[in-house]
Amino acid sequence: MGITAVSGNVTAEQATLNGLRVVDLLNRGDVPVARGLANPLVRDAVRATSFHGKDGLGDSNLPVSRIRPAVKNALDTISDDLAISKRRDLTIICTGPLTNIAALLTSFPDAAKMMKELVIMGGAFGVTEYGVGNVTPVAEFNIYADPEAAKVVFESGVLLKAIGLDVTMIPKNQLTLREYAEIKKNKGRVAGFAATILNKNIHKHRIFALHDPMTVATKITPSLFEFASYKVQVETRGEITAGMTVADRRKSLQEGKTPGKKMMVCRSVDSRGFKQLFLERLTGPMSS
């Protein structure tokens, strides 16, 4: 129904421009792109331009879009879409910090009951050996960028699924140089755009984690993913643990006495099936 931008890897303004450029590339000008909040709820913004490029799209230099941002801001756009759906049939997929969603839930608490599901790319839950932080030893970027927002969302009672570093950082789930070459040789405009985004980091690291595509894929082919229920808390006050997502993995405690709200955390992915889906979407006939 729409795309909303948020402060994260780049500014909310830049993220909005990126959204417009991408829908333009895909000839999907019918999809509105709305600007969200410019700053985290209480902290200073953190950026990841050193990895993602100054434009947040691998310095791909897509032309400025002819499309204008939505007149409504992100919060109004989401709340209006929830009101239109009414039947709890709207899923929101979050691939950045949770600032917009937390602000929505704070100003409009009934929104939690109106969402069918919230799927997030975020967290490092320790449910696999790869569930450790990428910004700090314990914190993943999207949660670290606005832990107070994550705390609001995690405690809201909304049906929540998380794709964390536990699965996105498993080596077999990441894009290889061979797979990158397959994308690069494709003549379609979408594959060309993806190859440009990937170019710098895939050659530097020889592997590339597909955090956001994997999160979207959970709604395209759910059978590729295995989730398990955990009670999770977000650390907001720790001096060296801010942004840590603490999943209670203990088996012996009584159900009612453990803190935190339950959420579904991804524990494993059908790597071959996911990679096939990802490559087909970038290089298939629909992408040309």
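The table for this structure:
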{"read-out": "Selection status of Arg47, over 16 Å from Pro32 (Cα atoms) and out of contact with any helix residue (DSSP H, G or I) (no Cβ under 8 Å at 6 or more places or on another chain)", "value": "yes"}
{"read-out": "Long-range neighbours under 6 Å by Cβ, at least six apart or interchain, first residue polar (S, T, N, Q) within region 23-46, second outside any helix (DSSP H, G or I)", "value": "Asn39/Ser7; Asn39/Ala45"}
{"read-out": "Scope region 266-282; condition among the charged types (D, E, K, R) and either under 19 Å from the mean Cα position of the chain (by Cα) or surrounded by 15 or more Cβ atoms within 10 Å (Cβ to Cβ) (or both); matching residues", "value": "Arg267, Asp270, Lys275, Arg281"}
{"read-out": "Check on Ile120, in contact (Cβ under 8 Å) with a residue 40 or more places away in the chain and assigned to a strand (DSSP E or B)", "value": "yes"}
{"read-out": "Candidate set: region 65-89, residues that are surrounded by fewer than 16 Cβ atoms within 10 Å (Cβ to Cβ) and among the small types (Gly, Ala, Ser); chosen: the one modelled with the highest pLDDT", "value": "Ala83"}
{"read-out": "Test result for Asn61, out of contact with any Pro (no Cβ under 7 Å at 6 or more places or on another chain) and in the same structural domain as Glu235 (by TED's automatic domain parsing)", "value": "no"}
{"read-out": "Residue count, region 164-199 (criterion: over 16 Å from Gly273 (Cβ atoms), aliphatic (A, V, I, L, M) and touching a residue at least 60 places away in the same chain (Cβ under 8 Å))", "value": "6"}
{"read-out": "Among the residues listed as Lys151, Lys219, the single one being at pLDDT 95 or above, assigned by TED's automatic domain parsing to the domain that holds Gly260, among the basic types (Lys, Arg) and surrounded by fewer than 18 Cβ atoms within 10 Å (Cβ to Cβ)", "value": "Lys219"}
{"read-out": "Matching entry among Ile92, Ile101 (being out of contact with any helix residue (DSSP H, G or I) (no Cβ under 6 Å at 6 or more places or on another chain), under 19 Å from Ile143 (Cβ atoms), buried (at least 18 other Cβ atoms within 10 Å of the Cβ) and assigned by TED's automatic domain parsing to the domain that holds Leu159)", "value": "Ile92"}
{"read-out": "Pick from region 233-283, criterion without any contact (Cβ under 8 Å) to a residue 12 or more places away in the chain and in a loop (DSSP other than H, G, I, E, B), ranking: nearest to Arg43 (Cα to Cα)", "value": "Arg237"}
{"read-out": "Residue in region 176-193 that is within 19 Å of the chain's Cα centre (by Cα) and outside the structural domain of Gly8 (by TED's automatic domain parsing) present", "value": "no"}
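The values are calculated or read from the model by the stated rules, or taken from the named source; none is laboratory data. Remember, predicted model here, so these are calculated numbers, not experimental data. Methodologically, a virtual Cβ is constructed for each residue, glycine included, from the backbone with ideal geometry; neighbour enumeration extends over all protein chains shown.
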